[in-house]
Amino acid sequence: MPSLHALAYLGYRAVLVQPLKRLAHRGTGLERFEAAYGVEGLLPTDPADRELALLASRCTGCSLCEAGCALAGAAPPLRALGLPAV
C-alpha cells in the first residue's frame, strides 16, 4: 500500500506543479520539439517517410522484388537504416 507521503507528493505534483509548467510553455509543441531536438537533426518525419520506414522494416534484403520494389529509389535512406541498397 502506498504511503501517505507518496500520495501527497503525487497530488502536489498533479495540482500545482504540472499546471504551472503548462503555463510556462512558449510556442506550440512542434516549435518546442524543434528547439530541443532540431540541433541534433532529429526532426519529425512526414507521413511519406513513415510509410517508407514501415516498408523498409519489412524488407529482408533478398533482392527478389528488386524490379518492382518501392524502396528501389530510396537507396541512401536505406543505407542509413542499415539495410542493403536494392
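Taken together, the values in this text are just the output of simple stated rules run on the coordinates, not laboratory data. What you see is a predicted model, and the numbers here were worked out from it, not measured in a lab. Neighbour counts run over all protein chains shown; Cβ positions are idealised from the backbone, glycine included.
Taking segment 29-56, which residues are surrounded by 10 or more Cβ atoms within 10 Å (Cβ to Cβ), assigned to a helix (DSSP H, G or I) and not small (Gly, Ala, Ser)?
First, the residues of segment 29-56 that are surrounded by 10 or more Cβ atoms within 10 Å (Cβ to Cβ): 30-38, 42-45, 49-53, 55-56.
From what's left, assigned to a helix (DSSP H, G or I): 30-38, 49-53, 55-56.
Selection gives 30, 31, 32, 33, 34, 37, 49, 50, 51, 52, 55.
Identify, please: which residue in segment 2-28 is assigned to a loop (DSSP other than H, G, I, E, B) and of a type in the set (Gly, Ala, Ser) and is, among those, surrounded by the fewest Cβ atoms within 10 Å (Cβ to Cβ)? It would help to see each step written out before you state the result.
Restricting attention to segment 2-28, the residues satisfying the condition of being assigned to a loop (DSSP other than H, G, I, E, B) are 2-3, 25-28.
Then drop every residue that is not of a type in the set (Gly, Ala, Ser), which leaves 3, 27.
Values: 3: 8, 27: 10.
Among those that are assigned to a loop (DSSP other than H, G, I, E, B) and of a type in the set (Gly, Ala, Ser), it is 3.
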